[in-house]
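No value in this document is a laboratory result; all are computed from the given coordinates. Owing to the predicted nature of the structure, the values given are computational and were not obtained by experimental measurement. So basically every Cβ, Gly included, is an ideal-geometry build from the backbone, and we count neighbours across all protein chains shown.
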Amino acid sequence: MSAARRRDRRVYLSAHPVLFALLAAARRRPAVRLGGTVLVHGSEAYRQVLTRVPLDRSAAGTTGGAGRQLSGGGVLFDQDGGGHRDSRRAVADGLGAAGVERLRPVWREVLGRRLAPLAAGRTVDLVPVARELAGATVCALLGTDADPSAVAGAAADAAAAAVRDHLPGPRRPGTARAAAQAAARLTSLLGPAGDGRDGEDGENGDCGEGGGGEDGAGLRAMLAVAAVSTTVAALPRAAAWCADAGWWDPAADDRLRPALVSELLRVTAPSPLLPRVAAAGAEADGCPVRAGDRLLLVARHAALAHSREPDPYRPAPPAVAQLVFGAGPHACPGARLVRAQLDDTLAALAPYRPSVVRAWADRAAALPGWRSLTVRADTDRANTDRAPLEDR
């Protein structure tokens, strides 16, 4: 096992060791039933569930159920029919190519400022950098002048409180109250839809238009939770893997970096487990699925994160790499944003050839990640005699 993979395993083993061991033990079969739960590991079975199996969007213990808990219902992840499609369309418009390019200067400013100490030989903790980057992006996306770090912290707290309903096992007393309090704090920080910085011709706050009242506030809160959780989980883990595997040369190459980004997101699988509930009978790669069955879709196994090392020179097929962001109507609308943020983060780090000097896993976060990941510029590695890229 590579040093990069050994380090990255710690984020799973520290937060959910029992669940991680269970999923690893069951992954030999594409889909397997354990009582009323179906574990889905195979790439094709995973794709079938997301594209062909009717899903209950609002069931307890699913992303939609957590969204309803966060906002009182009627938000992106638990709507049905036209409302769901309209919300997804509004989000997709704000996170499309034009929207991402509009947001790009926001996180590039954070990267330039927060990574500057590396040039002076000082260390930088990448987790607070990712947190500010995510918070600033969310604030710009929603058109609010709230403090980015406060928004990121509140979104992380809300996600951690709500995710307890996602995983199997007993719930701790008071989790519903804690989730409600965290959601209220986040919603208060973001303000109602339409507040904040209203740009000309809708240039700002593109995703804050989802109507006033609880529905609009719920959509804004869910967008903040999804964006912050994914970014804070993905960016430090990908940077650590890049440092441990020695991928700074392709990170510095504009031609190879997109493939490296795709590979790092594939192996880190920021949202490794998607909990769902079947709304009707179906089949997943030969395994019968009954209405009401709990479905645990293991994105990291479907994307071969557990078995195929990242390689920007020989990347996995796009159809496999994309599975970490879902499939079909259940594909994540923020995939383009996350890819762009990681691309710019690696480009900003590459000149420093940083190495990891300290890493502490986060045991409480909604998604597997680091609580602290400290790096230092490695001038010796930057000056080592490497083969030219064209000779590799």
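Some notes on this structure:
- Arranged from fewest to most other beta-carbon atoms within 10 Å of their beta carbon, VAL356, VAL32, VAL40 become VAL32, VAL356, VAL40.
- With a simple spin-label model that places each label point 7 Å from the Cα along the Cα-to-Cβ direction, the separation between ASP147 and ARG5 comes to 4.3 nm.
- Once both labels are positioned 7 Å from their Cα atoms along Cα-to-Cβ, the gap between ARG255 and ALA319 label points is 2.8 nm.
- A Stokes-Einstein calculation at 4 °C with viscosity 1.567 mPa s, built on the Kirkwood radius of segment 11-62 over Cα pairs, returns a diffusion coefficient of 103 µm²/s.
- For TRP247, TRP370, the sequence from fewest to most other C-beta atoms within 10 Å is TRP247, TRP370.
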